[in-house]
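Structure, as C-alpha cells:
The values are calculated or read from the model by the stated rules, or taken from the named source; none is laboratory data. It should be emphasised that the depicted structure is a prediction, and the values quoted were computed from it without experimental measurement. Glycine also receives a Cβ, built like all others from the backbone with ideal geometry; neighbour counts cover every protein chain displayed.
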Amino acid sequence: MKLKYIIKVFKYIFFIFTFLNISYTAHSNSSVEEIIKGRKALFSKNYSTAKKVQAFTSKGDLEKAKKLMIEMSENYKNLLNYFPENSKEGFKTEALPAIWNSGEEFNDLMKKSSNDMIELASIIESSDDSKSSLGKLMWSNCKACHKKFRAPH
C-alpha cells in the first residue's frame, strides 16, 4: 500500500516538473520573441520619428521637433535593455553578432545617440544650419549603428 502511494506521489511530482519545464521553455521563447520584436519596434519608431523631426525642423516647427528629439533620446536609452545574450538569433532579427562581441561599443553608441538628441534639442533653435545639425547629431548615429551593428537589407 505504501509503495503504491509513493509511486503515485512520484508520478505527480514528475508531471508537475515536466509541466513547469515545458511552461518555462515556452515562456523563454516567447520572451525572446518579445525582446527581438520590441527592439525592432523601437528602432523603427526612432526612424519614423527622425523623419518627422526633419520635416518639423524644415518647416520651422521646432517645438514639435524638440519633443520628438526627447522621445528618441529615451528610446535609445531603452534599447540598452533589448540585447540579452539569448536574443542573438531568430524572429528575423537584423542585429549582427558585433552587438554582443563589441557590447560596450554598442552601448556607448546608444548612450551617445541619446545624449546627441538632447544636445540637438537644446541647440536647434540657435543653429545656423539645422540640416547640418540634424546630420551631425541624429543621422550620423543612425548610419554608424547600421554600418557596424545591423545586417544589410
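Would you mind stating whether residue 63 is over 20 Å from residue 150 (Cβ atoms), within 18 Å of the chain's Cα centre (by Cα), without any contact (Cβ under 8 Å) to a residue 60 or more places away in the chain and in a helix (DSSP H, G or I)? Reasoning before the result, please.
Working: over 20 Å from residue 150 (Cβ atoms): yes; within 18 Å of the chain's Cα centre (by Cα): no; without any contact (Cβ under 8 Å) to a residue 60 or more places away in the chain: yes; in a helix (DSSP H, G or I): yes.
No; evaluated as a whole, the condition is false for this residue.
Within the set of pairs 6 or more residues apart or between chains, which connect a residue that is touching a residue at least 24 places away in the same chain (Cβ under 8 Å) and under 24 Å from residue 113 (Cα atoms) inside region 29-50 to a residue that is among the small types (Gly, Ala, Ser) and part of a helix (DSSP H, G or I) with Cβ atoms less than 6 Å apart?
Matching pairs, first to second residue: 35/87; 36/87.
Output the residue which, of all residues in region 117-130 that are touching a residue at least 40 places away in the same chain (Cβ under 8 Å) and not hydrophobic (A, V, I, L, M, F, W, C), is farthest from residue 85 (Cα to Cα).
Step one: filter region 117-130 for residues touching a residue at least 40 places away in the same chain (Cβ under 8 Å), giving 117-118, 120-121, 124-125, 130.
Next cut, not hydrophobic (A, V, I, L, M, F, W, C) only: 125, 130.
Working: 125: 41, 130: 39 Å.
So the residue we want is 125.
The rows are residues; the columns are (1) of a type in the set (A, V, I, L, M); (2) at pLDDT 95 or above; (3) surrounded by fewer than 14 Cβ atoms within 10 Å (Cβ to Cβ).
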position: 45; (1), (2), (3): no, yes, yes
position: 57; (1), (2), (3): no, yes, no
position: 61; (1), (2), (3): no, yes, yes
position: 66; (1), (2), (3): no, yes, no
position: 80; (1), (2), (3): yes, yes, yes
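Given the residues 113, 133, which is the only one that is hydroxyl-bearing (Ser, Thr, Tyr), under 19 Å from residue 82 (Cβ atoms) and in contact with a helix residue (DSSP H, G or I) (Cβ under 8 Å, 6 or more places away or on another chain)? Give the derivation first.
On the way: 133 fails: under 19 Å from residue 82 (Cβ atoms).
Step by step, each of 113, 133 is checked, and only 113 is hydroxyl-bearing (Ser, Thr, Tyr), under 19 Å from residue 82 (Cβ atoms) and in contact with a helix residue (DSSP H, G or I) (Cβ under 8 Å, 6 or more places away or on another chain).
Under 8 Å between Cβ atoms, which residue pairs at least 6 apart in sequence (or on different chains) link something in region 67-82 that is more than 19 Å from residue 149 (Cβ to Cβ) and in contact (Cβ under 8 Å) with a residue 24 or more places away in the chain with a partner that is surrounded by 14 or more Cβ atoms within 10 Å (Cβ to Cβ) and among the small types (Gly, Ala, Ser)?
Close Cβ pairs satisfying both conditions: 69/121; 70/121; 74/114.
Has region 118-136 got at least one residue that is polar (S, T, N, Q), in a loop (DSSP other than H, G, I, E, B), over 22 Å from the mean Cα position of the chain (by Cα) and farther than 23 Å from residue 32 by Cβ?
Residues of region 118-136 that are polar (S, T, N, Q), as a first pass: 122, 126-127, 130, 132-133.
Remaining after also requiring in a loop (DSSP other than H, G, I, E, B): 127.
Going one step further and asking which of them are over 22 Å from the mean Cα position of the chain (by Cα), we end up with 127.
Of the ones still in play, those that are also farther than 23 Å from residue 32 by Cβ are 127.
Among the residues of region 118-136, at least one is polar (S, T, N, Q), in a loop (DSSP other than H, G, I, E, B), over 22 Å from the mean Cα position of the chain (by Cα) and farther than 23 Å from residue 32 by Cβ, which makes the answer yes.
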